[in-house]
1. Would you kindly give the portion of the calculated P(r) for region 83-194 that falls above 24 Å, as a percent of all Cα pairs?
2. In whole percent, how big is the carbon plus sulfur part of the accessible area of region 115-194, probe 1.4 Å, protein atoms only?
3. How large is the convex hull of the C-alpha atoms of region 49-149 per residue, in Å³?
4. Tell me the mean residue ellipticity at 222 nm calculated for the chain from its helices only (DSSP H runs of n ≥ 4, each -39500 (n - 2.57), averaged over every residue, nearest 500).
5. Per residue and in Å³, how big is the convex hull formed by the alpha-carbon atoms of the chain?
6. Restricting to Cα pairs below 8 Å that are 6+ residues apart, what does the relative contact order work out to for the chain? Please round to a whole percent.
7. Ordered by packing density, taken as the mean number of other Cβ atoms within 10 Å over each peptide's residues, highest first, how do 167-173, 82-88, 47-53, 141-147 rank?
8. About its Cα centre, how strong a charge dipole does the chain have in debye, to the nearest 20, once Lys and Arg get +1 and Asp and Glu get -1 at the Cβ?
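The values are calculated or read from the model by the stated rules, or taken from the named source; none is laboratory data. In this text the structure is predicted, and so the values were computed from the model without any measurement. Here the Cβ positions follow ideal geometry from the backbone for every residue, glycine too, while neighbour counts run over all protein chains shown. What goes into the accessible areas is simple: the full protein's heavy atoms, side chains included, and nothing from ligands, DNA or RNA. Shrake-Rupley method; radii C 1.70, N 1.55, O 1.52, S 1.80 Å.
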Amino acid sequence: IPNGIDQSLFSGREERVPGRLIWTSNLNRGLPSAVRIFRRLRAQYPWMELHIYGRGSVYGWGASHDVGWLPPPGEPGVVLQEPLPKHLLARELMKAWAFFYLATWPETSCLAALEAQMAGTPVISVPYGALVDTVQGGILKWDIEEAVEELQDAEYWELLSLRGREFARNLTWERIGDAWNSLLRQESETEEPK
């Protein structure tokens, strides 16, 4: 059972910014890999930017947690953003061209990828952990440069955007709660009496 999404955060529209990649999560879930690959992408697509949202403070950790995970200030094309409240981050996801998430953590659902899809933002990631189940509107490949090249096709981008939204629309908290209640009822009915 995946995470649910507060769908009210994604109403309305935002103007897309071509070439804007967005990364948000815990810094140790692939950010250094994303930055390393972005450097190569930027050589090919100099207009691209990588906007990084996320810090240890979001998880209740101090700034010392961020040391070693964030790229150096002034990295060309990399924009270090301050963490935002959920409703503002949703707007930024709706502006992005792609959610750029190179997971090095065996995800069990990845709420950030689900929210990106609800925003209609295609996901570029790797086929690792539960991402193969939770990303329906994106490209999961180990060859990230090839994935970015594929997403340059405007019709394909639109198809993935629509696919992601359609998938995410089914992930309301009400539906997720019903799924958990059903599972728990099923489990309690199959337990042997003591």
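1. 33 percent
2. 49 percent
3. Dividing the Cα hull volume of region 49-149 by its residue count gives 114 Å³.
4. That calculation yields -12000 deg cm²/dmol at 222 nm.
5. That works out to 137 Å³ per residue.
6. On the way: 330 pairs, mean separation 48.7, N = 194.
Here the relative contact order equals 25 percent.
7. Numbers: 167-173: 16.7, 82-88: 10.9, 47-53: 19.1, 141-147: 14.3.
Result, highest mean Cβ count within 10 Å first: 47-53, 167-173, 141-147, 82-88.
8. On the way: 19 positive and 26 negative charges, 105 e Å.
Here the chain has a charge dipole of around 500 debye.
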